[in-house]
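Chemist: My structure is below; once you've seen it, I'll send some questions.
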Amino acid sequence: MADSGLSYDQGPPFGAPLRLFLTAPLFPLLAACLGLVMPDWQTTRWTGVSLAMTHLITLGYLGMVMLGALLQMLPVVLGSPVPAARLVGWCGWLGLGLGAPGLALGFLLGEPLWLVAGTLLLALGLVPFSIAIAVSLIKTRAPRVAWPIRLATLALLITLALGSVLAGALSGLWPVQALADLTALHAAWGLLGWVLILVIGVAYQVVPMLQITPDYPAWVTRWLTWLMLAGLLLYSAPSSTDWLPNNDLPGALPLCASCVVFAVVTLRLQARRRRRIADVSLDFWRLGMVSLILAALLFAVLHGLPAAWMAAAEISLGILFLLGFAASVVQGMLYKIVPFLAWFHLKTQTGARLGAIPNMKQMLPEPLVRQHFRLHLAMLILLLAAPILPAPLGQVSASAGLLLLAGGAMRLELNLRHAKTLFLRHGGRLGQAAENK
Ligand code: HEM
């Protein structure tokens, strides 16, 4: 990886992304604990606890890891340093670290004060971050690679704006027509715009680089995320398709198709990877791609399901997309990025010869990662089975699934701390950037 023409010495100090990566697992742990003490998240996606768990996972977990990954990737892959990276990193960490639990508390208690406070803290963290990313993306020397990340950043700002309008409406600050439609838009731009387009943009770089696969085909890297933007815009303007029985369709179809295309192309590239050794991070990616295909298929048939199944189907869709796809891919990336950064910064800082410092496999041993994968897979199976199983088996399966979600989050935290401990033990300095020895 070091000789891939990527400017790792442009990256921020190891401590900047690591702080975000180490805080992220606390949020699925918190979401799991909430779901265990308040089980009515299983009834509908609209209870206070469901909305709290959704935002702890989307903002707290995925948000933290993605901000850390962008802080690291933009200077290295796009050759364009993030301005004021340390300050922006702290803003993002504090804004998400305080804002996500604040917003969750607002949903849980139905308390406008917490809804507004959480929203303001999130904006204070994410708006400076988005502006810094935008500056870096404008200055980049690799515009074609940058477009998906630009679209994802735009989608994040649209999600934040819609979320703030919704939070203000729920807090009685201003009236909003068609709250449900606006919430559907907010969710679509957040999940499909910010999360999915960012994962696709990052995958174009990290799958060939980290898993030694052929590059993504040009027709995919050139058109797929634009097709998704078109789908999101169509989904956002349903009034233009009132004559259709289900006027989400013109937007939903290209979005579902894009999900399936991306997942199938990625699985095919991984099947043609040049290094044929077993690799748990690859298993996380594969699980993520299979979950994305299942989520797209469920989303496509959702409107045709009997009303009695709707609530359970919507919750299953959320679990498939957030935990099956997004969390799996994020963990697959973390288990490659963190040991590499620990090794690279240690080697650069100490100038140690190879063998004198731990290599990537020693920084994060495969058996520890394999343990997490097993917990994660079992969690998914139990949570997805819960709505189908008769009572009380369904509740037992859901609670067991949440216990495994908590176990997986703790395993991830311990695994990342294993790499940090070895880095510090061999003389690494978290606050020192690669170039200035
Ligand atoms: C400043 C940040 C955010 C705020 C203030 C916010 C606020 C809200 C509000 C008020 C609702 C509606 C709740 C209701 O109708 O009762 C909502 C729903 C939702 N939000 Fe957010 N949100 C934010 C960020 C995000 C992000 C980044 C994502 C995804 C990546 C997201 C995903 C969702 C989803 C999926 C729903 C619908 C719930 C469901 O479908 O189960 N939100 N949000």
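Chemist: Cut-off 10 angstrom, C-alpha nodes, Gaussian network model of the chain. Which of R353, R411, R272 fluctuates the most?
Modeler: Maximum among the listed residues: R353.
Chemist: Just the accessible area per residue of segment 8-425, please: how many Å² with a 1.4 Å probe?
Modeler: Per-residue value: 40 Å².
Chemist: Right, here's the next one. What's the FRET efficiency of N359 with W219 using the Cβ-Cβ distance as r and R₀ = 45 Å, to the nearest 0.05?
Modeler: 0.75
Chemist: In Å and from the alpha-carbon atoms only, list the Rg and Dmax of segment 231-348.
Modeler: 18.4, 63
Chemist: Does anyone have the angle between helix 366-385 and the longest principal axis of the chain? Alpha-carbon axes, 0 to 90°, nearest 10?
Modeler: That helix lies at roughly 0 degrees to the long axis.
Chemist: If contacts are Cα pairs under 8 angstrom and at least 6 residues apart, what is the relative contact order of the chain in percent?
Modeler: 18
Chemist: Still on this structure: Positive end of the charge dipole of the chain (Lys, Arg +1 and Asp, Glu -1 on Cβ, about the Cα centre): tell me which of V338, V116, W46 has its Cα farthest that way.
Modeler: V338
Chemist: Now, a different point. Would you check the accessible area of R150, probe 1.4 Å, heavy atoms only, in square angstrom rounded to 10?
Modeler: 50
Chemist: Give, rounded to the nearest 20 debye, the magnitude of the charge dipole that segment 8-425 has about its Cα centre when Lys and Arg contribute +1 at Cβ and Asp and Glu contribute -1 at Cβ.
Modeler: It works out to roughly 1860 debye.
Chemist: Among A218, L364, T153, whose Cα sits farthest toward the positive end of the charge dipole of segment 8-425 (+1 at Cβ of Lys/Arg, -1 at Cβ of Asp/Glu, about the Cα centre)?
Modeler: With unit charges placed on the Cβ atoms, the residue in question is L364.
Chemist: Please count, across the chain, the pairs of lysine residues with Cα atoms under 26 Å apart that sit 8 or more places apart or on different chains.
Modeler: 10
Chemist: Of G15, G288, A169, whose Cα points farthest to the positive end of the dipole of segment 8-425 (charges on the beta-carbon: +1 Lys, Arg; -1 Asp, Glu; origin at the Cα centre)?
Modeler: Comparing the listed Cα positions along the dipole, G15 ranks first.
Chemist: Here is a follow-up. Could you identify which residue out of A263, A406, A169 has the top mean-square fluctuation in a GNM of the chain using Cα springs shorter than 10 Å?
Modeler: For the chain, modelled as a Gaussian network with Cα springs under 10 Å, the answer is A169.
Chemist: Under the Karplus relation 6.51 cos²θ - 1.76 cosθ + 1.60, θ = phi - 60°, what is the ordered set of whole-Hz ³J(HN,Hα) values for segment 207-220, x standing for Gly and Pro?
Modeler: Listing the rounded values in order: 5, x, 6, 8, 10, 6, 9, x, 5, 5, x, 4, 5, 6 Hz.
Chemist: Given a 10 angstrom Cα cut-off, can you work out which residue in I337, I381, I133 is the most mobile in a GNM of the chain?
Modeler: Most flexible of the set in this elastic network: I381.
Chemist: Assuming a ≥ b ≥ c are the square roots of the Cα gyration tensor eigenvalues, decide whether segment 8-425 counts as rounded (a/c under 1.5), prolate (otherwise, with a/b larger than b/c) or oblate.
Modeler: rounded
Chemist: Using a Förster distance of 51 angstrom, determine the FRET efficiency expected from the C-beta separation of D181 and L94, and round it to 0.05.
Modeler: So the FRET efficiency works out to roughly 0.95.
The values are calculated or read from the model by the stated rules, or taken from the named source; none is laboratory data. Because the structure is predicted, anything quoted here is derived from the model rather than measured. All Cβ positions, glycine included, derive from the backbone under ideal geometry; neighbour counts span all protein chains shown. Note: areas computed on protein heavy atoms with side chains; ligands, DNA, RNA excluded. Shrake-Rupley method; radii C 1.70, N 1.55, O 1.52, S 1.80 Å.
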